Amino acid sequence: MVTADERLNEILTVLRRGAKRVTAAKRVVATVLLEADRHLTAEELSILALRRQPDISSSTIYRILEEFESLGIVVHAHLGQGAAVFHLAGSEHAHLTCDECGATLEVAAHHFDALGRELYSSYGFTLNRHHVAISGTCDSCREITQKTLPNS
């Protein structure tokens, strides 16, 4: 299993190979992303990064995210009505977002293979599975709704 330090070194190597400078701010953003237990909005990432290094400006963090995305270090996704979220690139996945509670589930991208083939065949459209977010109702919220409905 790859450690956080090894993963950080991989990220820094990608930066160097892309002829990009490795700065303290980039190290902080990479560390915050590595330690995150969920996808983060740019604002959330900024708050966490500023706790570690108070002299980083929000605009610097946004530029770092753009650079990381252009190098394939991070991916962003739009999960419903909220701001875009960012996460480290890795296993390709899509998202299921509950309209009731806002919970987001990651699902393996292969679940969208047939849909991707159909969209390409019918419309010439190539699906970007990292950006897929399907909204609906999670099992927990559906159970709550079913319990509150009168018996028919």
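Where a number appears in this text, it was derived from the coordinates with a stated rule and is not lab data. Here the structure is a predicted model, which is why all the values come from computation and not from measurement. Ideal geometry is used to build each Cβ from the backbone, glycine not excepted, and the neighbour counts take in all protein chains shown.
So here's what we get for this one:
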item: Relative contact order (%) - criterion: Cα under 8 Å, at least six apart; region: segment 91-152; result: 40
item: Taking Arg16, Arg129, Arg63 and counting other C-beta atoms within 10 Å, the order from fewest to most; result: Arg16, Arg63, Arg129
item: Neighbour-count order for His95, His111, fewest beta carbons within 10 angstrom listed first; result: His111, His95
item: Degrees separating the helix 24-35 axis from the principal Cα axis of the chain, which is the longest one; result: 30
item: Estimated FRET transfer efficiency (Val22, Ala83; beta-carbon r; R0 22 Å; 0.05); result: 0.20
item: In degrees, nearest ten, helix 42-52 long axis to first principal axis of the chain (Cα); result: 40
item: Histogram of C-alpha separations across segment 91-152, 10 Å bin width, %; result: 21, 36, 26, 14, 3
item: Extension gain from Thr41 to His110, taking 0.36 nm per residue of separation minus the Cα-Cα distance; result: 22.3 nm
item: In degrees, nearest ten, helix 58-70 long axis to first principal axis of the chain (Cα); result: 80
item: Net lengthening on full extension, Gln53/Thr13 (0.36 nm per residue, minus Cα-Cα); result: 12.2 nm
item: At 1.567 mPa s and 4 °C, Stokes diffusion of segment 28-147 via Kirkwood alpha-carbon radius, µm² per second; result: 81
item: R0 of 25 Å, Cβ-Cβ distance Ser121-Leu71: FRET efficiency to nearest 0.05; result: 0.20
item: Whole-angstrom gap from segment 47-104 to segment 5-21, using each part's C-alpha centre; result: 18
item: Residue exposure sequence - Leu79, Leu115 - by fewest surrounding Cβ within 10 Å; result: Leu115, Leu79
